[in-house]
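Report on the following structure.
The values are calculated or read from the model by the stated rules, or taken from the named source; none is laboratory data. Everything numeric in this text was worked out from a predicted model, so none of it was measured. Neighbour counts are summed over all protein chains in view; Cβ atoms, including those assigned to glycine, are modelled from backbone coordinates with ideal geometry.
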Amino acid sequence: MLEPLPHRKIIHIDMDAFYASVEQMDNPELRGKPIAVGGAENRGVVSAASYEARKFGVRSAISGVLAKKNCPELIFVSPRFDRYKEISKKIHKIFRDYTDLVEPLSLDEAYLDVTKNKKGNPSASLLAQEIRTRIFNEVGLTASAGISVNKFVAKIASDYNKPNGQKTVNPDEVIPFLEQLPIQKFYGVGKVTAEKMFQLGIFTGLDLKTKPVEFLEKHFGKSGGFYYNVVRGIHNSEVKSNRITKSVAAEHTFDINLSSEIFMIEKLEKIAMELERRLKKHQISGKTITLKIKYSDFTQQSRSKTMPYFISGKALIFETVKELLYQEKMKDSVRLLGISLSNLNTEIKKTIVVQLKFDF
């Protein structure tokens, strides 16, 4: 399998309940109260939840209805993505005072390679503490950090002492740290994979480490090799300051479920127009068009078509999406529609940040 690269000093910074914390910072009346950003209580999905709300089981990606059921006192707040981007830029400006090797994962988290840094400080732990202090003093929000020899371990460590904390996993601590870790805490092991691992007798990193690579590849395909390596502390992915955009998308959740394709056509045309605007703004085109459909029971379906040439115009996108829409009959009423374009011409493009949702 893979041979480990020389140790690097990687910091993973993760803002604490970012969207919700921004709302509480800007509106003192919300401080100390359970709030959910995104979706009204009768429609939509929670984008973020304050720590006060998380105590009641409110978290991102659950429906507003379930969130309100779990926490009757929950306050819903409409998202303000322009404000979150504004704050994110300030935070990333702080990052670049320390290193140019910054890899954003989203508006609220990033990897920093400080093996060689602008401060000449050999201690990644002290740098992480300084960065977190500056974020608090200059922006007004708290952040957590994980520090270790690679991105995988740093990512896990940043969640260890949340909120407003940090954890360092030194080189000689990596293997013991991973061996004692519950398997569901491994980055990349979701709920379904964790359940499968439980059935195979894998509950901790140590259990995972006892399984040969052939066994893991048999049960988890290509991911098996990944699990075999990371539990041994081997993760050679570098911090890349220019991440290539792999897809551009636009989607919308409707106030009232749509039950007929006729009603969906009008909505899809607007979504296609928005997608075209984003593509042209960043001079991006692609070949694969995907229609995303989420039904009223929250099940999801996607239908795709790959063109023999790059496209970016609304007309071709819309015509292809209509074709995909009528490809098969709808199984239920629809609560969300989305269009994405992938297989892009971004190999030679610079990184862009694409907001995946918008309001009509």
* Please tell me if K280 is touching a Phe, Trp or Tyr at 6+ places or on another chain (Cβ under 8 Å), modelled with pLDDT under 95, surrounded by fewer than 18 Cβ atoms within 10 Å (Cβ to Cβ) and in a helix (DSSP H, G or I). => no
* To do: State whether the residues of the stretch 234-245 include one that is more than 23 Å from the chain's Cα centre (by Cα) and either more than 30 Å from K151 (Cα to Cα) or of a type in the set (V, I, T) (or both).
  => no
* To do: Look through the stretch 37-46, keep the residues that are surrounded by 19 or more Cβ atoms within 10 Å (Cβ to Cβ) and closer than 19 Å to K294 by Cβ, and return whichever of them is modelled with the highest pLDDT.
  => V46
* Find the residue count for the stretch 150-174, including only residues that are surrounded by fewer than 17 Cβ atoms within 10 Å (Cβ to Cβ) and in a loop (DSSP other than H, G, I, E, B). => 6
* the stretch 303-348, subset under 17 Å from L258 (Cα atoms) and of a type in the set (G, A, S), residue surrounded by the most Cβ atoms within 10 Å (Cβ to Cβ) -> G338
* **Residues of the stretch 183-195 satisfying the condition of being in a helix (DSSP H, G or I) and surrounded by 14 or more Cβ atoms within 10 Å (Cβ to Cβ)** => I183, Q184, K185, T193, A194
* Asked: Taking the condition in contact (Cβ under 8 Å) with a residue 12 or more places away in the chain, more than 16 Å from A315 (Cα to Cα), surrounded by fewer than 18 Cβ atoms within 10 Å (Cβ to Cβ) and not polar (S, T, N, Q), does G221 pass?
  -> no
* **Selection count where residues are in contact with a helix residue (DSSP H, G or I) (Cβ under 6 Å, 6 or more places away or on another chain) and within 16 Å of Y19 (Cβ to Cβ), scope the stretch 60-82** => 2
* Among the residues of the stretch 90-128, write down those that are in a strand (DSSP E or B) and either of a type in the set (K, R) or surrounded by 14 or more Cβ atoms within 10 Å (Cβ to Cβ) (or both). => V102, E103, P104, L105, E109, A110, Y111, L112, D113
* Asked: E251 passes all but one of (1) of a type in the set (D, E); (2) touching a Gly at 6+ places or on another chain (Cβ under 8 Å); (3) over 27 Å from A61 (Cα atoms); which number fails?
  -> (3)
* Asked: Taking the condition out of contact with any Asp or Glu (no Cβ under 8 Å at 6 or more places or on another chain) and either free of Cβ contacts under 8 Å to residues at least 40 places away in the same chain or basic (K, R) (or both), does K185 pass?
  -> no
* Which residue, of T320, T290, is of a type in the set (V, I, T), within 23 Å of the chain's Cα centre (by Cα) and either modelled with pLDDT of 90 or more or at negative phi (or both)? -> T290
* **So K167, is it closer than 18 Å to G233 by Cα, of a type in the set (K, R) and at pLDDT 95 or above** => yes
* Flag for S47 being in contact with a Gly (Cβ under 6 Å, 6 or more places away or on another chain), within 20 Å of A143 (Cβ to Cβ) and not β-branched (V, I, T) -> yes
* Looking at this structure, is Y227 assigned to a loop (DSSP other than H, G, I, E, B), touching a helix residue (DSSP H, G or I) at 6+ places or on another chain (Cβ under 6 Å) and of a type in the set (S, T, Y)? -> no
* To do: Collect the residues in the stretch 196-221 that are of a type in the set (K, R) and either assigned to a helix (DSSP H, G or I) or within 18 Å of V174 (Cα to Cα) (or both), keeping them in residue-number order.
  => K196, K209, K218
* Asked: Filtering the stretch 41-84 down to residues that are outside any loop (DSSP other than H, G, I, E, B) and among the acidic types (D, E), which residue is farthest from D297 (Cα to Cα)?
  -> D82
* **the stretch 81-121, subset more than 16 Å from N150 (Cα to Cα) and free of Cβ contacts under 8 Å to residues at least 12 places away in the same chain, residue nearest to the chain's Cα centre (by Cα)** => S106
* Asked: Within the stretch 283-300, how many residues turn out to be over 14 Å from S247 (Cα atoms) and either in contact with a Lys or Arg (Cβ under 6 Å, 6 or more places away or on another chain) or surrounded by 14 or more Cβ atoms within 10 Å (Cβ to Cβ) (or both)?
  -> 5
* Criterion (touching a Ser or Thr at 6+ places or on another chain (Cβ under 7 Å), of a type in the set (V, I, T) and either part of a helix (DSSP H, G or I) or in contact (Cβ under 8 Å) with a residue 40 or more places away in the chain (or both)) met by exactly one of I131, I135, I147 -> I147
